[in-house]
Every structure is written in C-alpha cells, then in structure tokens.
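Comments concern the structure below.
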Amino acid sequence: MGCKVILVKPLSEEEALILFLNKVGPTIVQSPTLMPTLRLAVKECAGLPLTVVVLAGTMKGEDDPCIWKNALKELKERVGMVEGVEAEVIERLKFSFDHLKDEKLKHCFLYCALYPENFPIWEDELIECWIDERFIDKMNTRQEMNDKGHAILKKLEDNCLLENGTNQYDQPCKKMHDAVRDMALSITSINPRYMIQAGLQLEKLPKEEDWIRDIEKVSLRNNSISEIPIDMSPPKCQLLTTLLLGRNPIKKIPNSFFMNMPFLIVLDLSFTNIECLPDSISDLKNLTALLLEGCEELRALPCLSKLQRLKKLDLNYTSIEKVPEGMDMLINLRYLSLFVYTLKVIPTRVLPKLSHLQHLKVYMHDETKGLKADEVVPLQKLECFYGRFENRHELNKFVSSMQQCKKNLIKYQSYVGLFSLVGSEERVVSINDLEIGGGELMFPVDMQELSISYCQYLRHVSHISSLKNVVDLRVCKIGHCEGIECVVSFSSFSSSTHQFQSLQCLFLVDLPKLSEVIKVEGYGSATTSILASSATFSNLKDIHILDCPSIMTLLPHWLLPNLQNLEEISVRDCEKLVEIFAAEDEEKGSDALIKFDLPKLKFLNLESLPELKEHL
C-alpha cells in the first residue's frame, strides 16, 4: 500500500526526565528529596513519551516521599507481572487508571472507549451521555450536572487520559490516544465487561456466542449493519444496561430482540434507517434514555406509557406526525427534543404534565402552528428552551412569566413567525414575518441575540421600547425588512444615548430603504458634543452589510472613538455607498482625508461598491 515503517527511538533518560518535570508541577521539581525516587519512576516508563506524561499527570502535585516510593514499587510489580512490550505499556497506563480515586470517574473514562478509535468526542454530548448513564450524581439543576461533567473532563485531561481536540465544526472535543484506548479495552474485557466493536465497518451483528450473559455495555455504533435477523435468538444479556446501535443503516428490529434485557437503561438508535420500533420497547421498564435523533424513516412509536423511568427522549429529525401515545404519562422526563419537520400538533394537555422537564426543544414545520405560553410557563424547572410561539401575545406572556419566576432558564431560542436558524449565543429571540408596529413586543432583559426578518413595517430597531431594558445584547441580525431606514435613531427626545452598548456583531442583509446605520435627529449643532460621549457600539467587533442599495455612508465620523474594538468590516453589493465614515459638515465637499484609528481591525472586505470613494 506504499506505507513505510519508521522506527521511532525511545526518549533518553534525560529527555524523559525533562518531559516528566514539565508535566508534574513546580512543587515536585523544587523538592530535592523526591528526585532520586522520581528518576527511578521515570526510568520505569522505558522512554515512552505517553507513559511519561500519563505517570506525571497521575502524580502531579503529590509531594509525599512515601507515596512516591509506594508508586514506584507498584509500578515495578505491575510491569514485572506481564510479558511483551504491549502488555507492559498497558500496565503502565493502568497504573494511572487505578489511581483515579472516584469509581464514577473511572466509569466516565471507560465510557469514552465506546466510541470508535480516534473519534473526536464532542464534550457536551459526552457529558449528556454520562448524565444518561447516571455517572454524574443527581443535582438540583442540569446546569450543575453539566458543570460537574466539565470538572470530570478536566480531571481526565490533567491525568493525560484524554486529549484535547476539535471536530469538523470546530467544537471542543476530547480524544483517546490509541494506547490509552487499548488500556481501556483491556479493562472492559474483564470487569466491567463491555462488548465494543464500534467503527469496524461491520455488516452483521456479532455472533450469538459473543453476547455473553454478564455484558454490561455494548457499542456497535458507526458500522454498516443493515438488519437484525428475525431468526436470531434474543441475546441473553440480563445485566446489559447500555446498547449503542447508532449510525447503522438498520431498518427493522425483531420484536423479541429486547426480550432478555430487563435492566436496559440507555438505548441509542440515532441516525439509523429504522422505520418502526418493536412493541417490546414498551416493556423496557428500566429505560431512562431513548435516543432516536436522525431516524428519518421513523414515522411512529409504540405506546410509551409504561416507560415510567424514562428521563430523556430525543426524537429530533424523525418523521413522526404526532407525539407518541402515552407521552403525557412520562412524569419523570427531564429532556424532550421534538425538532420534527413533520410534526403536526402537540396536544395542549401534554407538556404541562411533564413538570420535571429541564430541556425542551420543539419545532413544527407549519408556520401557523406554535406553542401557547400556558404550555411552557408551568415548567418551573426548565433550563433550556427552544421553540416557536403562536403569536406575539404568547411570546409576551412567556417573557413576562420568565422575568418573574423563570430563575432556572439559562438558554433559550424563542421565535415567532417563520423559523430561522439562529443562535450563536445562549439566549436568542427571533422575530419573523410580523407587523412589529401592530402592538407591544416584549424582549427578555437578558437576551443576547436578536434576529428580525421579513418585518415590513419596522422603520428602526432602537424605538422598540422593550429593547431599552436589554442589558446584554451581543448580536443583532436584521434582514429582508422593506421598511427599515436605520438601526439606531437618536433624537432630541431620546431617553438614552447609550443604545447598543454591549453589541458585538451587527448583520444587515437585504434592506432596500436602509439609508444609514445611525440616524441623528433634532440635535442641531450640538450633535458631536452630545453624542461623542455615547457608548453606542463601544463593544462592536464585527459589522456585515449586504445588499442594501440605498445606504450612502456606513457610520458617522463622531462614532470613531467608540470603535476601538472593531475587528471586521464587510460591505457588499451596496450600489450607492460613497464612504465608510461620514465627514463632519465642515469637511463635506473638501478633499480632506478623514483620519481614524481602529487598532483592532483585522479584516476589511469591500465588494461591489461602484460609488465608493478611493479613500475612506
């Protein structure tokens, strides 16, 4: 295959020692009494960089000579009990695993081996899995459990058992080094016993004899298994708690398949081609997580009323048209995801009964359908909410309730009208295809992102009265609004000259009447002296303007002192734009250059601007 084997020499004793000292921490480096024992411990790593850093991570901060001597003795005994280089490496790495003081921490680490080799594991997904597996103790809020999960990740990272990385979406991920994963696989082949055949391009399920009675977890995810034979004897895995079959083209599961899995807690069938679930799913009375995201062929589920312990139900991107029968009986449900294009209606009696919900995500493709505030307001434990409200009145009721008693709500994406994919921030409101001038519109005071589109009667954003109470607006997106003339309007009657002080990103797209971003009315000759001290846009980092044919000037000259944080300017297809920063009245008509200082500006993109002056 054209591969070339390259011999990589082990580190010398001195190189290994330097690497070890860099990882183990300053208190150890400065302790001369530890150095002889430390040198011997490093020597036991046989010059292998991975074992050096893992040992250093395990012993980091430990300054008791007795503990170091005991660690050296244990390390020697472990290596002496096995033969072969590979077995010795695994034993050295097991030393670090065995010194994890918390049993649940060990389970969290071993869980990572259920993913395919070299797989980038998204941190948030991994923590959710740990919550599903009950590796993280129950706490008052899901956010507290999430924080605990991040603390566990940090501990495993500090012990060099997990590595940092990113996935294709540039999201923070963790990875297992191949040798560390081999160590985890060697542990899970004995106790606790797992069957892990993830990402091996399998086309068939493992043989019946591989489904050993005492297996606790099975991972067959990321394979090419298309069917489970109807004549296959049901696996007799009485202790099985986790079954991961996600990302396989499985179409059908025999009704008898789950017959001998009475203690199944987590069932993952996400991103399979499953068309219907067997009725026997209803008998999995210990099931706490049913994961069906991305099952695009799935159109119906059996009755779920008997799954009284179910805490998580993920139906995102399935093809169901109605909620499963018996869903209103799932009183212990904490997590419900219903981002389903085909979903026609959610009966009004269902959601209020799920009083323990912490995470709720709802989407129905029909833009005339939406939630009523009375369906969501009773959910006092809700921390994350994504959904569309029926109209502005329902949004206002929800926001009003939020301000009064929704102390747990940490993340939300609430929208009215057409759905638009927004949400670079945690707290988002999207208003689409709405006559904003037709009545009051309430925004949450902690809103971080506002998206407005297809609102044809809106002239400028700053006159929406409830915006004056928003203290942390970071992103503003306005698009396809025919009536917009400006974003911010200052007048002699303005109650504040500090509008949009926290704004970091401004996106303006397809606004045919937009003549300027900031409009000043009624100040006369006092304009500069009054507005120069304004905090407007003082945190702005990015401004993007596209297809705004009426705008002639991007920003007024007096605003320049506020733009010390500006990093990116992008203006395209604005046929009348003459200048980026408008000159003062006395400079208009002259050839004087406008001098400005934007110390953080990194990117300037000016395209299809036929009237733009040669100088800014």
Practice item. Could you list which residues have their amide H under 5 Å from that of Q501, counting only those 5 or more apart in sequence or on another chain, with H placed in the peptide plane? Key: F537
Practice item. Quote to one decimal, in nm, the extra length available between E367 and L598 on full extension: 0.36 nm per residue of separation minus the C-alpha distance between them. Key: 78.8 nm
Check your understanding: What residues have an amide H closer than 5 Å to that of Q413, excluding those fewer than 5 places away on the same chain, when H is modeled at 1.01 Å from N in the peptide plane?
Key -> F385, Y386, G387, V428
Exercise for review: For segment 202-234 and segment 377-397, write down the distance between their C-alpha centroids in whole Å.
Suggested key: 42 Å
Review point. Is the shape of segment 13-98 rounded, prolate or oblate, going by the alpha carbon gyration tensor and its root eigenvalues a ≥ b ≥ c, with a/c under 1.5 for rounded and a/b larger than b/c for prolate?
Key: prolate
Study note, to complete from the structure: Checked against the structure, the computed Cα extents along the principal axes in Å among (1) 89, 66, 53; (2) 93, 62, 45; (3) 88, 48, 43 is the one labelled (1)
Review point. If you keep only loop residues by DSSP, which trypsin sites (Lys or Arg not before Pro) in segment 115-207 have at most 14 other Cβ atoms within 10 Å of their Cβ?
Key: K138, K204, K207
Check your understanding: Which lysines have a Cα lying under 23 Å from the Cα of K369, excluding residues fewer than 8 positions away in the same chain?
Key -> K322, K344, K353, K361, K397, K411
Check your understanding: Given R₀ = 45 Å, FRET efficiency for L239-R39 by Cβ-Cβ distance, to 0.05?
Key -> 0.50
Review point. In segment 165-220, what chymotrypsin sites (Phe, Trp or Tyr not before Pro) fall in a loop by DSSP, with at most 16 other Cβ atoms inside 10 Å?
Key: Y169
Practice item. Just check segment 137-179 against the gyration tensor rule for me: Cα atoms, a ≥ b ≥ c as the square roots of the eigenvalues, rounded for a/c under 1.5, and otherwise prolate or oblate depending on whether a/b exceeds b/c. Key: oblate
**Study point:** Candidate lysines - alpha carbon under 22 Å from K106, same-chain residues fewer than 8 apart omitted
**Key:** K23, K60, K94, K138, K148, K154, K155, K174, K175, K217
Point to revise | Whole-Hz couplings from phi, Karplus 6.51/-1.76/1.60, listed for segment 441-447; x for Gly and Pro | key: 10, 9, 10, x, 5, 9, 4
Practice item. Using just the helices of the chain, give the 222 nm mean residue ellipticity in deg cm²/dmol: DSSP H runs with n ≥ 4 each add -39,500 (n - 2.57), and the total is spread over all residues, rounded to 500. Key: -6500 deg cm²/dmol
Point to revise | Alpha-carbon centroids, segment 323-357 and segment 84-142: separation in whole Å | key: 32 Å
Point to revise | On Cα atoms only, tilt of 49-59 relative to the major axis of the chain in degrees | key: 90 degrees
Practice item. With a Förster radius of 51 Å, plug the Cβ-Cβ distance of L200 and C405 into 1/(1 + (r/R0)^6) and report the FRET value to the nearest 0.05. Key: 0.50
Review point. Between S186 and E275, what is the spin-label point distance in nm, taking each point 7 Å from the Cα along the Cα→C-beta axis?
Key: 4.7 nm
Review point. At a Förster distance of 41 Å, what's the computed FRET efficiency of I67 paired with D124, Cβ-Cβ distance as r, to 0.05?
Key: 0.70
Point to revise | Label-to-label distance, nm, for residues given as N332 and D374 (7 Å Cα→Cβ offset) | key: 3.1 nm
Check your understanding: Where does each of L100, L301 land when they are ranked from fewest to most other beta-carbon atoms within 10 angstrom?
Key -> L100, L301
Revision key, fill the gap. Subtracting the Cα-Cα distance of D433 and T166 from 0.36 nm times their residue separation yields 92.4 nm
Check your understanding: If each residue's Cβ is checked for other Cβ atoms within 10 Å, how do Y317, Y341 rank with the fewest at the top?
Key -> Y341, Y317
Practice item. Subtract the Cα-Cα distance of Q456 and A535 from 0.36 nm times their separation in residues, and report this length gain in nm to one decimal. Key: 25.6 nm
Practice item. With everything on Cα atoms, drop me the angle between helix 142-158 and the longest principal axis of the chain, reported from 0 to 90° to the nearest 10. Key: 60 degrees
Exercise for review: Sort S550, S430 so the one with the fewest other Cβ atoms within 10 Å of its own Cβ comes first.
Suggested key: S550, S430
Revision key, fill the gap. Using alpha-carbon positions, the gyration tensor of segment 336-436 gives root eigenvalues a ≥ b ≥ c; with a/c under 1.5 called rounded, otherwise prolate if a/b exceeds b/c, else oblate, the class is rounded
Exercise for review: Straight distance only, please: which aspartates and glutamates reach the Cα of K207 with their own Cα at less than 18 Å, same-chain residues fewer than 8 apart left out?
Suggested key: E216, E227, D231
Review point. Using modelled amide H (1.01 Å from N, peptide plane; none on Pro or chain starts), what sits under 5 Å from the amide H of F490, excluding residues fewer than 5 places away?
Key: K519, V520, E521
Practice item. Would you mind pulling out the separation of the Cα centroids of segment 428-471 and segment 267-289, in Å? Key: 42 Å
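The numbers here are math on the coordinates, done by the rules we state, and not lab data. Just so we're clear, the structure is a prediction, and the values are computed from it rather than from any experiment. As a convention, Cβ positions derive from the backbone with ideal geometry for all residues, glycine included, and neighbour counts pool all protein chains shown.
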